[in-house]
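Here's the structure, in structure tokens; my notes come after.
The values are calculated or read from the model by the stated rules, or taken from the named source; none is laboratory data. Here the structure is a predicted model, which is why all the values come from computation and not from measurement. Please note: Cβ atoms are built from the backbone with ideal geometry, for glycine as well, and neighbour counts cover all protein chains shown. Accessible surface is based on the protein model in full, side chains and every heavy atom, while ligands, DNA and RNA are left aside. Shrake-Rupley method; radii C 1.70, N 1.55, O 1.52, S 1.80 Å.
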Amino acid sequence: MSSKPSLAKGTRDFLPQQSRKRKFIFKIIEDCFKLNAYQPLETPAMENLTTLTGKYGEEGDKLLFKILNSGNYLNEVSEELLHSKNSNALISQICEKGLRYDLTVPFARTVVMNRHLITFPFKRYQIQPVWRADRPQRGRYREFYQCDADVVGSSSLMYEAELIKIYLEVFKELKIPVQIQINHRSILEGLAIHAGRPDLFIPMTVALDKLDKVGPDHVVEELVSLGFENDKVQNLLELLTKGKLEDFNLNDKCIVGQNEIYSIIEYCISAEIDTTQVLFNPNLARGLSYYTGTIFEVIPVGIIMGSLGGGGRYDNLTGVFGLEGISGVGISFGADRIYDVMEELSLFPEILNANIEVLLLSLDSEAQKLAFGLCCQLRKEGIIAEAYPEGGKLKKQFKYAEDIKAKYIIVIGDEEKKKNVYKLKNQQTGIELLVSLNELVSVLKS
């Protein structure tokens with residue numbers, strides 16, 4: 001007995017109507033990338049685990065999907081290791097590859113491997129799926145698309161401003177109200193120095209990143225348990241609550257980050273980029289295992305959903321693969337969350353619901369052949385046309401036209417065969433026009 005078909009947890013099917021909506025999102029993002037002179041690039045779905053591990057922090061490494069080696073992969077494993085039930089040790093013996101976790105690390109690997117074929121600064125965009133062994137929940141999937149734009153080979157803050165501009169242009173086109181939050185790793189490092197515990201920088205940022213979720217009392221408790229003095233923690237929270245960039249001139253390290261954010265805003269102003277949606281958020285601490293400078297995150301306004309995108313500057317990422325001194329900065333759009341937000345807010349254009357411009361119906365088998373011929377002629381003119389595959393009962397054919405949301409229908413019968421004129425019916429308005437082939441093409445194109 002065959003088992004009932006099911007989807008892997010955290011994945012989704014996209015039927016034609018849903019797929020058209022996703023492609024609509026991809027096209028708007030891709031068109032913006034192209035306009036800003038980014039070039040297309042693709043990388044394999046799987047990478048060597050040595051490429052992926054150690055780039056996303058300890059938690060990120062746990063979320064990597066590993067691929068079992070082919071063949072008898074247990075053949076070389078010792079009996080002792082098999083009986084130890086040490087999964088981490090076993091993985092290193094039986095898995096050499098994994099599914100990519102994001103697009104940035106594979107991009108860095110590609111740059112290093114192809115550095116002699118690349119002209120720097122190199123601007124690339126990439127729209128491909130990634131995989132994470134995360135717990136599926138609203139807005140979080142195990143397979144999802146990322147749409148990335150990165151620049152490597154320049155430390156100019158002009159590119160941070162350009163990426164802010166891309167975010168603003170895309171979300172304006174998609175009609176999603178957003179807030180672009182910005183912070184800087186140097187400011188976070190400066191806060192740890194100011195609190196007297198630079199050695200606890202990473203655990204401090206992990207705790208601060210929870211501030212909006214768990215509240216200040218819980219964060220104070222966690223920081224004190226880490227080893228921070230209570231009065232220093234209270235001072236930190238007071239600074240973070242005020243959240244004004246001008247207040248973060250606490251030490252030389254903070255001032256580095258502060259000045260860079262000021263410079264980015266100046267670039268935006270010089271290019272007449274509206275910065276009213278750009279907000280400094282000193283709590284923001286995403287991806288610190290490889291971000292070294294500015295950090296971005298895009299939050300939707302008026303709807304409860306996780307971030308719709310994020311990114312930042314990474315000065316040392318290519319260095320991991322043997323190419324030192326290549327600075328990079330990039331952003332990513334979370335296409336699946338964008339899709340969910342647009343569905344919830346009913347932002348997709350109605351036109352995406354209808355794919356077929358005109359459906360040709362027929363009264364008998366001879367008329368059906370004529371309908372297919374006419375269908376092919378219309379396609380030559382760039383019109384999306386379809387012929388119903390059988391002639392005969394119109395009730396069934398009308399039902400099909402309604403189900404697929406065809407914009408227009410034409411019924412082919414004896415009159416159409418004799419006179420080569422066609423009665424074109426608008427399915428929305430009910431208006432009918434009697435037209436020749438040339439007139440038909442003209443009406444459908446208009």
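Scanning the stretch 113-140 for residues that are more than 24 Å from Phe65 (Cα to Cα) and either out of contact with any Asp or Glu (no Cβ under 8 Å at 6 or more places or on another chain) or surrounded by fewer than 17 Cβ atoms within 10 Å (Cβ to Cβ) (or both) gives Asn114, Arg115, His116, Leu117, Ile118, Thr119, Phe120, Pro121, Phe122. Once the stretch 192-219 is narrowed to residues that are charged (D, E, K, R) and not in a loop (DSSP other than H, G, I, E, B), the residue that is least open to solvent (accessible area, probe 1.4 Å) is Asp199. Scoring Lys210 on the criteria (1) under 20 Å from Gly309 (Cβ atoms); (2) at pLDDT below 90 leaves a single failure, condition (1).
Out of curiosity, is Asn183 among the polar types (S, T, N, Q), out of contact with any Lys or Arg (no Cβ under 6 Å at 6 or more places or on another chain) and either without any contact (Cβ under 8 Å) to a residue 60 or more places away in the chain or farther than 26 Å from Met305 by Cβ (or both)? So Asn183 does not fit the description; no.
State which residue is surrounded by the fewest Cβ atoms within 10 Å (Cβ to Cβ) when the search covers only the stretch 425-441 and only residues that are free of Cβ contacts under 8 Å to residues at least 60 places away in the same chain and within 24 Å of Glu366 (Cα to Cα). Across the stretch 425-441, the extreme among qualifying residues is Asn438. Return yes or no: is Gly257 open to solvent by 10 Å² or more (accessible area, probe 1.4 Å) and within 30 Å of Thr51 (Cβ to Cβ)? Considered against the rule, which asks whether it is open to solvent by 10 Å² or more (accessible area, probe 1.4 Å) and within 30 Å of Thr51 (Cβ to Cβ), Gly257 comes out as no.
Taking the numbered list (1) modelled with pLDDT under 90; (2) not in a loop (DSSP other than H, G, I, E, B) in turn, Arg135 passes all entries but (2). If you go through the stretch 141-158 one residue at a time, do you hit one that is modelled with pLDDT of 95 or more, assigned to a helix (DSSP H, G or I) and surrounded by fewer than 21 Cβ atoms within 10 Å (Cβ to Cβ)? Yes. Screening the candidates Tyr400, Tyr422 for the property of being open to solvent by less than 40 Å² (accessible area, probe 1.4 Å) and hydroxyl-bearing (Ser, Thr, Tyr) yields one hit, Tyr422. Close contacts from the stretch 368-388, counting a first residue that is within 14 Å of Leu440 (Cα to Cα) and crowded, with 18+ Cβ neighbours inside 10 Å and a second that is aromatic (Phe, Trp, Tyr) and modelled with pLDDT of 95 or more, with Cβ to Cβ under 8 Å and a gap of 6+ residues or different chains, come to Ala371/Tyr388.
Selection within the stretch 1-44: residues that are surrounded by fewer than 15 Cβ atoms within 10 Å (Cβ to Cβ) and among the aliphatic types (A, V, I, L, M). The member of this set that is modelled with the lowest pLDDT is Met1. So Thr275 fits all but one of (1) among the β-branched types (Val, Ile, Thr); (2) modelled with pLDDT of 95 or more; (3) within 27 Å of Glu169 (Cα to Cα); what number is the exception? Condition not satisfied by Thr275: (2).
When Leu345, Leu363 are checked against the criterion of being open to solvent by 30 Å² or more (accessible area, probe 1.4 Å), more than 12 Å from Ile410 (Cα to Cα), touching a residue at least 24 places away in the same chain (Cβ under 8 Å) and in contact with a Gly (Cβ under 9 Å, 6 or more places away or on another chain), a single residue qualifies: Leu345. Considering the conditions (1) more than 20 Å from Tyr145 (Cβ to Cβ); (2) at pLDDT below 95, Gly60 is excluded by exactly one of them, (1).
The set of residues from the stretch 159-177 being open to solvent by 10 Å² or more (accessible area, probe 1.4 Å), in contact (Cβ under 8 Å) with a residue 12 or more places away in the chain and of a type outside the set (Ser, Thr, Tyr) comprises Glu162, Lys165, Leu168, Glu169, Glu173, Lys175, Pro177. For the stretch 348-360, a tally of residues being surrounded by 15 or more Cβ atoms within 10 Å (Cβ to Cβ), out of contact with any helix residue (DSSP H, G or I) (no Cβ under 6 Å at 6 or more places or on another chain) and farther than 22 Å from Glu390 by Cβ returns 1.
Screening Tyr125, Tyr101 for residues that are in a strand (DSSP E or B), touching a helix residue (DSSP H, G or I) at 6+ places or on another chain (Cβ under 8 Å), at negative phi and of a type outside the set (Asp, Glu) leaves exactly one candidate, Tyr125. Just to be sure before I move on: is Phe333 part of a strand (DSSP E or B), among the aromatic types (Phe, Trp, Tyr) and in contact (Cβ under 8 Å) with a residue 60 or more places away in the chain in the structure I sent? Taking the combined requirement at face value, the residue satisfies it. The one condition from (1) under 25 Å from Gly306 (Cα atoms); (2) open to solvent by 60 Å² or more (accessible area, probe 1.4 Å); (3) touching a helix residue (DSSP H, G or I) at 6+ places or on another chain (Cβ under 8 Å) that Leu239 does not meet is (2). For the residues Leu347, Leu352, the requirement of being within 31 Å of the chain's Cα centre (by Cα) and assigned to a loop (DSSP other than H, G, I, E, B) singles out Leu347. In the stretch 141-157, the qualifying residues are those that are out of contact with any Asp or Glu (no Cβ under 9 Å at 6 or more places or on another chain) and not hydrophobic (A, V, I, L, M, F, W, C), and the one that is nearest to Arg124 (Cα to Cα) is Asp150.
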